[in-house]
Amino acid sequence: MNRSSRKLALGIAVAAALAAPSAFATNGYFAHGYGMKASGMGGVSTAMTHDTFGGANNPATMVWVGNRMDIGASWFNPERSASRTGASDTTMNGSVDSGSTGFLIPEFGYNRMLSPNMSFGVTVYGNGGMNTDYPGGTLPLAGGTCQNFNPAGAGGAPYNLLCGSGRLGVDLMQLIIAPTWSYKINENHSVGVSPLLAYQRFKAEGLQAFSGFSADSTKLTNNGYDTSTGFGVRFGWYGRMSDTVSLGAAYSTKIAMSKLDKYAGLFAEQGDFDIPSNLNLGIAFKVSPTTLVGVDYQKINYTDVKSVSNPSTNFGATTAGSLGPSNGRGFGWGDIDIWKIGVQYQHSDRLTIRAGIDRTDNPITGRDVTFNILAPGVVTNHYSVGFTLATDKSTEITGAYTYVAEKKVSGSSIFNTFTGGTSGTEEIKMHQNVIGLAWSTKW
């Protein structure tokens, strides 16, 4: 096996590792940045050519990278909690913190030049974040509003915060493998394309109180993991407009996924859970020989996916059959606009320093707070720093740290719709820390 084949085999092994549960929840359930260098610059990447994550950012950049491999991992620490207060039935009041507060998120990219003007590579990355793990026993068992929604009770134990039995939460992981072809049209412009091969798995627990809402209550909750696969495409363009200014643009189609049949009674369109389309635009400019500034705009179209974007209030006070049909209740997420700005400073031949900010819309409003106890993707402000240390002419170490400030959203409980307004107000909140390290080699 030659050197390139060994590198690619290692990449396949990393791709397999990525199939472990992930939990990114920064720009909705997309990561704020793909690749450790982008992570240290607030996610800026669309007009940058410094690593092999073009398949996740802009495929057209890969032909400028050369022969290179990047492999790394981040430790992701989300802190999430939910509460209900002000219910006249005090057995409904309570608060709880999610467990599962630490996740290892691997990353991998590989690129090989086929000619001076053409390259082929692969980027492996993941999305996730609808990942919560609340303990059961938050609310009292006997009587009260919960018993109206879950008459079987919690099997001798108190109810969870959504009146279900046992632990409460969901786990979503999306793995995307992006083979990437990139071509230089001339000495200043390139294009690229990445087929997006997607795999996802999902499970839900503790939603028994919504059995009366489901079109098929046997496919609502506690069915273990289900999996699905799908396909999409990302297109990109990159241009060096002058010695100091570069531009980039990329667009990913919606990734049409096969249905999660075990949860056809939870998600709209009988278990459909596609990956939304998204658009990136970027500019990078050198303000001095040692300082580079980048700005990205990104739009994620969560309204592509009915199970994500349909309001949880669809059907109003009607319960029967309101989870699962095409226009069924969803999480109520809206499309989001994201702005990223980052700075890269070349301190020396060996050391590069980065910093950046990612500011995103919150896709969740108070109208849908109850359902989003399961998926509190509400954070908006991300602050990043990073570095790269060249250990020799062909290898380097890159690190990044991101702090995601706490964000809260509150609103009237959806239970008020069915209890005459006596079920109080709910609040969800989250903050995060992400720290990572990557190793890269070029030849």
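The values are calculated or read from the model by the stated rules, or taken from the named source; none is laboratory data. On a predicted model such as this, the values are computed, not experimentally measured, just so you know. Here the Cβ positions follow ideal geometry from the backbone for every residue, glycine too, while neighbour counts run over all protein chains shown. Note: accessible area is taken over every heavy atom of the protein model, side chains too, but ligands, DNA and RNA are not part of it. Shrake-Rupley method; radii C 1.70, N 1.55, O 1.52, S 1.80 Å.
For the pair N222 and A320, label points projected 7 Å from Cα toward Cβ lie 2.4 nm apart.
When only C-alpha pairs under 8 Å and at least 6 residues apart count, what is the relative contact order of segment 385-429, in percent? It would help to have the intermediate numbers written out before the result.
Values: 47 pairs, mean separation 13.0, N = 45.
Relative contact order of segment 385-429: 29 percent.
Estimated at the nearest 10 Å², the accessible area of F235 is 100 Å² with a 1.4 Å probe. Taking every C-alpha pair closer than 8 Å and separated by at least 6 residues, the mean separation divided by the residue count of segment 28-171 gives a relative contact order of 21 percent. Residue pairs exceeding 19 angstrom between C-alpha atoms, taken from K37/K286; K254/K306; K203/K429: K203/K429.
Electrostatic tally near I414: other residues with Cβ closer than 12 Å to its Cβ, Lys and Arg +1, Asp and Glu -1, net +1. Volume of the convex hull of segment 268-322 (Cα atoms only), normalised per residue: 95 Å³.
Per residue, the accessible area of the chain comes to 36 Å², computed with a 1.4 Å probe over protein heavy atoms only.
Only Cα pairs under 8 Å and 6+ residues apart enter the sum, and on that basis the relative contact order of the chain stands at 18 percent. Taking the charge dipole of the chain about its Cα centre, with +1 at Lys and Arg Cβ atoms and -1 at Asp and Glu Cβ atoms, the residue from P116, L247, A38 reaching farthest to the positive side is P116. What part of the accessible area of segment 171-319, given as a whole %, is carbon or sulfur when the probe is 1.4 angstrom? Carbon with sulfur: 58 percent of the solvent-accessible area.
Under a point spin-label approximation (7 Å from Cα along Cα-to-Cβ), what is the V245-Y345 distance to one decimal in nm? With each label placed 7 Å out from Cα toward Cβ, I get 2.5 nm.
Could you give the length gained by full extension between S258 and K408, i.e. 0.36 nm per residue of separation minus their alpha carbon distance, to one decimal place?
Once the chain is fully extended between S258 and K408, it gains 50.7 nm.
Note on the chain: with a GNM built from Cα contacts shorter than 10 Å, the maximum mean-square fluctuation among V343, V122, V44 falls on V343. The magnitude of the dipole of the chain, with charges of +1 and -1 set on the Cβ of Lys/Arg and Asp/Glu and taken from the Cα centre, is near 920 debye. To the nearest 10 degrees, how steeply does helix 3-17 sit against the main Cα axis of the chain, on a 0 to 90 scale? The answer is roughly 10 degrees. What would the Debye formula give as log10 I(q)/I(0) at q = 0.21, 0.29, 0.30, 0.36 Å⁻¹ for the alpha-carbon point model of segment 204-243, no solvent? The computed values of log10 I(q)/I(0) come out as -0.77, -1.01, -1.04, -1.19.
The alpha carbon centroids of segment 37-69 and segment 392-443 are separated by 23 Å.
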